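The block underneath contains the structure these notes are about, expressed in structure tokens.
The values are calculated or read from the model by the stated rules, or taken from the named source; none is laboratory data. Note that this is a predicted model, so its numbers are computed, not measured. Every residue, glycine as well, gets a Cβ built from its backbone with ideal geometry; the counts of neighbours run over all protein chains shown.
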Amino acid sequence: MQSGGPLNRNTIFLEDAEIVSQNSFSGNQFILRVHSPRCAAQAKPGSFAHITCDADFPMRRPLSIMRTNTTQGWLEFLYKPVGQGLTKLSKHSKGYSISVLGPIGNGFDLDVNKPNVLAIGGGVGIPPMVFLSERYRLDDRFRLLVLMGSRVPFPFELTTGKKLEEFPSSAKSSLSLMESWGVVSRLASEAEYPGCFQGFVTELADHWLKKQSPKQIAQVQIVGCGPSTMLKATAELARAYKIPCQIALEEFMACGVGGCAGCTVLVETDNGPAMKRVCVDGPVFDAHQVYPA
């Protein structure tokens, strides 16, 4: 297999990717940008890349794609260095080369009949929501509301968003990047950060949903990514309001391309329970199938 050659019918690529930049943020968080033009050209919100971290650690790590630039050919990831591999990755700087296999997995598939998109991201589940926002910000078929929760400081420039009656007055912080895109966003945290909703991000979502009329609710779809407890709460919220919901799961992976079946989850399908591989059958699934009533 040659580096940079096409895999899986020209949809997944193996590339030697040079680090363009790597910046650290409080809360032991890093934003990594690499030059990987083929992966960048094919990536979709919800997909991920399987990357090497260091020459001494051949085992790859899956990272959700946060942003892409198809013109300049770069991919961007947000991660926390948990474990030796990602810790090694966090030490590398501009010019270092890593191997990128991607994009992998099925992304979010938005329903054009549900124009109001409620996107919920928690912790390491924030990157797919940023990617979704960037991809659909100019699509007139959809109106995006992005809610993000974190227990550590948000690794982005923040600003005060436009006042919205659906939210408590204390919930006023927004991502400057989202504001520049014309996307409404709000932040939640249990850490009492100024401008953030004090509580779970799903509780903030419930605040908004309670203010919607039945006619408005009928136009809503939910997408989410984050820890399993948040995803389960998101599924329960969607069920309570009878809203379709897609979630991106995160599991430990060895191969990342479906061969090892080490990332399987139990999913309720129309034909009964089935074990599905998060890497290639997902990572995006119907929330009501992953967390049935």
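Some points to look at:
- Here the helices (runs of 4 or more DSSP H) wholly within the stretch 184-293 that include at least 3 residues being in the same structural domain as P168 (by TED's automatic domain parsing) and charged (D, E, K, R) are 201-210, 228-241.
- For the criterion of being of a type outside the set (A, V, I, L, M) and free of Cβ contacts under 8 Å to residues at least 12 places away in the same chain, P58 passes.
- Listed by first and then second residue, the pairs linking a residue in the stretch 128-153 that is of a type in the set (D, E) to a residue that is surrounded by fewer than 19 Cβ atoms within 10 Å (Cβ to Cβ), with Cβ atoms under 9 Å apart and 6 or more places separating them unless they lie on different chains, are E134/L177; E134/W181.
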